[in-house]
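Below is one structure; the comments refer to it alone.
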Amino acid sequence: MTKADGRAGRLGEVILALDGVSLAFGGVQALRDVSFDVREHEVRAIIGPNGAGKSSMLNVINGVYHPQQGTIRYLGREYRDMDPHEVAVSGIARTFQNLALFKGMTVLDNIMAGRNLKMHTNILLQALRLGPALREEIAQREVVEGIIDFLEIQAYRKTPVGRLPYGLQKRVDLARALAMEPRILLLDEPMAGMNVEEKQDMCRFVLDVNDHFGTTIVLIEHDMSVVMDISDRVVVLDYGRKIGDGTPNEVRSSQAVIDAYLGVSH
Amino acid sequence: MAESLAGLDTFPKLLMHHARARAERPAIREKDLGVWQTWSWRRFAEEVCLLACGLAAQGFRRGDHLAIVGDNRPRVYAAMCAAQCLGGIPVPLYQDAVAAEMAFPIQNAAITHALAEDQEQVDKLLEILPQCPTLAHIYYDEPRGLRHYDQPQLMSCDRLLELGAEAQRHDPAFLEAEIARGAGPDTAAMFFTSGTTGTAKGVVLTHHSLIDRARAAAEMEGLNDADVVLAYLPPAWIGQNIFSYAQPFVTGYCICCPESAETVMSDMRDIGPTYYFAPPRVFEALLTQVSIRMEDASAPKRALYRYFMGVARRVGGAILDGKDVGALDWLLYRLGDAMVYGPLRNVLGMSRVRIAYTAGEAIGPDLFRFYRSLGINLKQLYGSTETSVFVCVQPNGQVKADTVGPAVKGVELSFTPERELLIRSPGLFKEYYKNPQATADSKDAQGWFHTGDAGYFDADGHVKIIDRVKDVGKLADGSLFAPKYLENKLKFFPFIKEAVAFGHGRDRVCAFINMDMEAVGNWAEKRGMPYSGYVDLASRDEVYGLMRECIEQVNADLAAEPEIAGSQIHRFLILHKQLEADDGELTRTSKVRRLHVAEKYAALVDAMYAGKPVVHVEAQVRYEDGRTGSISADLKIRDARTFPPAAARKAA
């Protein structure tokens, strides 16, 4: 109740708009003419059966793939052929389905690595921990500690990531992405492989991030109950095509979506 | 103590004294964002004053109760003192209690104001609002997640502090006058007992009794303002309250609040407390961790550890007691200290511990000796909420594994013919809140408090507790049956987490066993035994065999003690789930609620006595989020060998 009431007035302008995006790998058409938009402070879910093109969609936004057709407008500016680094600098962070962490490094170091884009002193000063670099590191550490506190992983600061259970690694991956202080956070199946309790925790963290930092969230998720509970709007993909778009309730009652999930005889 | 605390008969007066006498000394430390933040006594007092003025501005009056729900945080303790400044009564509640458990205290004391640590606690209080219409003000410390809550009862602590600052500007002399109006016989705090039986009771304690006991023990142990304590147990429990509120107020020492419940171990290493309390289960968990990690160590390290632990077992306790052990052993022990015990104490965060207490449950003799042999001055104490904790404490040099020590200064003890321990002490509670019947039942006209614990004095005048008086029963043939005594013996095995023995009015004793998942899991892993989870592992024949060995060892022990040789365990089963406080099977302090368990699992008990080999069980379990589910399983029931008393004595 409180959540819905409080959020109604918060959704801002359209921050990211995709228009007629098509992506093909040779003969395989991963995305066909997909258009949708994301509004500031929104939790936007992308769902669909296996192979529907969800991850391709994120990779397109993220700059890993460049669509053959269509445009992507971010903050009112069209962007073309940006590589992932440029996208990251512009304020879009992501987490990965299979995690992208340095397994042998501690939780703290992994999250600090996520602050890399915010570091301005040169690598030599950083390596020698000289004056300005040290001051900068302390300032960055403070931000990182805020994130550690926020995601309640204080107990694992010094633990190598590889030794943590999967659910916690996912949380560290989220922390690393958050360390960039992104405007848009792309989450690739944040709940995959988690047990019920871990899923609940993760839902709470995603909503808290959205609420507390105002971060816009685009997430891919398989677990329908999760999607329906936490999203403001949902895009449904099937065989690379958009077959539904709207609030969770609208999507749930759409015949095309039901057919795609339950299957119909073609 | 050098400084004079005469006339300082309430906690707020003591606080104001420390704020003057040791203004810049640390009062509370809290680890926040990975860094220990220090609150000096002056800052602590300022915070208390502002909170108190804020509460007064919100209509909190003399005699009102303030419910406090939260973990160990500086503000939680500041709020306690703030309520006391106004002549109000803090009522700390267990932070891990479910909402329904909080309703009774709030209704019972018609509580109007409450302070909650964070969203989790606020949610619980809001949930019970319909049953608790008196609750008009809820203050919260941590605003995270609460931005969109618009209930009129809610207010942040920061806002309360602002109100306080405003009120203080208007009337700067107000608070000082309020503090001066307080006196020793006033009620200082109310603690709801966990209630092993029936509903909880509010135990009313005065400033005088809490301060008197805190001071008696502090003087006995020579505590001073250089001591450091880690506050990591629930503040709603009297013990934590004594160690992290009453005693620092009496001596001026500093308490440290860990970052979160999961970081206690590493925070303890950071801080290095000098004065430490833990219930036996914590010491046991620490030892289990040490043992597991030692098994993973390299062979030379393991050998070194084994050898020097042997030396410690032989002479460590005696050296700690200041006894003479001979030059060679002394030298060996010193060497061991440099190579094994010192580093081990450091890993445990106990390098600086001068005094460590354990209480609440019987502690296994091996466990107890392990810590003492390392040079950690672990001692037992006896007390309860009703006695402001300190009744018996073992003095340095007179420490034993199976007693709780002689009476602390100021306490009188005696035993009834039924062996019930009676106490008369300045630390006794005033009454059970709004429950004159219960008060009269437990405190007689001569001022003796009936503890309900059965025991006796040993040869050295130490008190030895064996069980609860009401639990001491008789077998059908009339012989003594002390279930707790058996259960404790079982629980001293690392594989057994909990045990419940039955036998009162029966012809023989049967028991439920709760295996220790960590220890048994490890044991299974080492044998390459695959299992899918708790229920599966608990039903394995190999595990039954393991438990049978433990039980037979206990039976052999019992056979050697003529009075209770009849209590040997004939049959047992391994429960399919851990006994949980959330399911009402344990109290919040992890004691078995025997009657409840017997009732809930009546079918299992009957099956054991009926001689069935297997029994089907379906049980409801309540998850942490309050949802319920069910587990079903077929439990095996097995026999254990018993020993004829005479034969065993011959063998021994």
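Here are a few things to note about the model shown:
- In summary, B:Arg62 fulfils each of the numbered conditions (1) within 14 Å of another protein chain (Cβ to nearest Cβ); (2) over 23 Å from B:Thr251 (Cβ atoms) with the single exception of condition (1).
- Evaluated against (1) surrounded by 12 or more Cβ atoms within 10 Å (Cβ to Cβ); (2) within 19 Å of the chain's Cα centre (by Cα); (3) within 22 Å of A:Leu237 (Cα to Cα), A:Asn98 falls short on exactly one condition, (1).
- The stretch B:264-281, subset within 11 Å of another protein chain (Cβ to nearest Cβ) and surrounded by fewer than 20 Cβ atoms within 10 Å (Cβ to Cβ), residue farthest from B:Thr589 (Cα to Cα): B:Ser266
- Each residue in the stretch B:329-363 was checked for being under 16 Å from the mean Cα position of the chain (by Cα) and either surrounded by fewer than 17 Cβ atoms within 10 Å (Cβ to Cβ) or not hydrophobic (A, V, I, L, M, F, W, C) (or both), and 4 of them qualify.
- Filtered by the rule that a residue be in contact with an Asp or Glu (Cβ under 8 Å, 6 or more places away or on another chain), farther than 12 Å from B:Leu66 by Cβ and touching a residue at least 40 places away in the same chain (Cβ under 8 Å), the stretch B:100-121 gives B:Glu117, B:Asp118.
- Residue, farthest from the chain's Cα centre (by Cα), within the stretch A:219-266, restricted to residues that are in a helix (DSSP H, G or I) and among the small types (Gly, Ala, Ser): A:Ala256
- None of A:Glu152, A:Glu145 is touching a Gly at 6+ places or on another chain (Cβ under 6 Å), within 14 Å of chain B (Cβ to nearest Cβ) and under 13 Å from A:Leu108 (Cα atoms) except A:Glu145.
- Highlighted here are the helices (runs of 4 or more DSSP H) found entirely within the stretch B:29-124 that include at least 1 residues which are farther than 22 Å from B:Ala581 by Cα and in contact with a Ser or Thr (Cβ under 7 Å, 6 or more places away or on another chain): B:74-85.
- Taken over the stretch B:127-152, the criterion of being out of contact with any Asp or Glu (no Cβ under 8 Å at 6 or more places or on another chain), more than 10 Å from chain A (Cβ to nearest Cβ) and in contact (Cβ under 8 Å) with a residue 12 or more places away in the chain is satisfied by B:Glu127, B:Ile128, B:Leu129, B:Gln131, B:Cys132, B:Thr134, B:Leu135, B:Ala136, B:His137, B:Ile138, B:Tyr139.
- Restricting the stretch B:251-263 to residues that are in contact (Cβ under 8 Å) with a residue 40 or more places away in the chain and outside any loop (DSSP other than H, G, I, E, B), the residue that is farthest from the other protein chains (Cβ to nearest Cβ): B:Thr251
- The stretch B:1-40, subset in contact with a Lys or Arg (Cβ under 6 Å, 6 or more places away or on another chain) and within 30 Å of A:Ala155 (Cβ to Cβ), residue farthest from the other protein chains (Cβ to nearest Cβ): B:Thr38
- Check on B:Leu205, surrounded by 19 or more Cβ atoms within 10 Å (Cβ to Cβ), away from chain A (no Cβ under 14 Å) and within 30 Å of A:Phe213 (Cβ to Cβ): no
- Residue that is farthest from B:Gly202 (Cα to Cα), among those in the stretch B:389-431 that are among the acidic types (Asp, Glu) and surrounded by fewer than 16 Cβ atoms within 10 Å (Cβ to Cβ): B:Asp402
- Yes/no for B:Glu386 being closer than 24 Å to B:Leu490 by Cα and modelled with pLDDT under 95: no
- Qualifying residue in the stretch A:221-244 (condition: surrounded by fewer than 20 Cβ atoms within 10 Å (Cβ to Cβ), modelled with pLDDT under 90 and touching a His at 6+ places or on another chain (Cβ under 8 Å)): no
- Scanning the stretch B:508-557 for residues that are more than 17 Å from B:Ser632 (Cα to Cα) and in a helix (DSSP H, G or I) yields a count of 27.
- The stretch A:67-83 - residue that is surrounded by 14 or more Cβ atoms within 10 Å (Cβ to Cβ) and either closer than 15 Å to A:Ser22 by Cβ or not charged (D, E, K, R) (or both) and, of those, nearest to the chain's Cα centre (by Cα): A:Tyr74
- Condition check for B:Asp71: within 14 Å of chain A (Cβ to nearest Cβ) and either farther than 24 Å from B:Leu205 by Cα or touching a Pro at 6+ places or on another chain (Cβ under 7 Å) (or both): no
- Among the numbered conditions (1) surrounded by fewer than 18 Cβ atoms within 10 Å (Cβ to Cβ); (2) under 22 Å from the mean Cα position of the chain (by Cα), the only one that B:Asp32 does not meet is (2).
- Flag for B:Cys157 being within 14 Å of another protein chain (Cβ to nearest Cβ), crowded, with 16+ Cβ neighbours inside 10 Å and either over 19 Å from B:Ile68 (Cα atoms) or in contact with a Lys or Arg (Cβ under 7 Å, 6 or more places away or on another chain) (or both): no
- Scanning the stretch B:582-636 for residues that are within 16 Å of B:Val509 (Cα to Cα), assigned to a loop (DSSP other than H, G, I, E, B) and among the basic types (Lys, Arg) gives a single hit, B:Lys612.
- Meets criteria (of a type outside the set (A, V, I, L, M, F, W, C), in contact with a helix residue (DSSP H, G or I) (Cβ under 8 Å, 6 or more places away or on another chain), within 18 Å of B:Arg638 (Cβ to Cβ) and surrounded by fewer than 16 Cβ atoms within 10 Å (Cβ to Cβ)) for B:Glu518: no
- Residue tally, condition of a type outside the set (Lys, Arg) and farther than 17 Å from A:Ala175 by Cα, over the stretch A:201-242: 20
- Among the residues of the stretch A:170-217, not one is within 14 Å of another protein chain (Cβ to nearest Cβ), more than 22 Å from B:Gln119 (Cα to Cα) and at pLDDT 90 or above.
- Residue count, the stretch A:155-169 (criterion: free of Cβ contacts under 8 Å to residues at least 24 places away in the same chain, among the charged types (D, E, K, R) and at the interface with chain B (Cβ under 8 Å from one of its Cβ atoms)): 0
- Any chance A:Val43 is surrounded by 22 or more Cβ atoms within 10 Å (Cβ to Cβ), among the aliphatic types (A, V, I, L, M) and under 23 Å from A:Phe205 (Cα atoms): yes
- Condition met for B:Glu284 (crowded, with 20+ Cβ neighbours inside 10 Å and charged (D, E, K, R)): yes
- Note on the stretch A:167-213: among residues that are of a type in the set (Lys, Arg) and assigned to a helix (DSSP H, G or I), the one that is surrounded by the fewest Cβ atoms within 10 Å (Cβ to Cβ) is A:Arg204.
The values are calculated or read from the model by the stated rules, or taken from the named source; none is laboratory data. Just so you know, these numbers come straight off a predicted model, no measurement behind them. Positions of Cβ are generated from backbone atoms using ideal geometry, with glycine treated the same way; all protein chains shown enter the neighbour counts.
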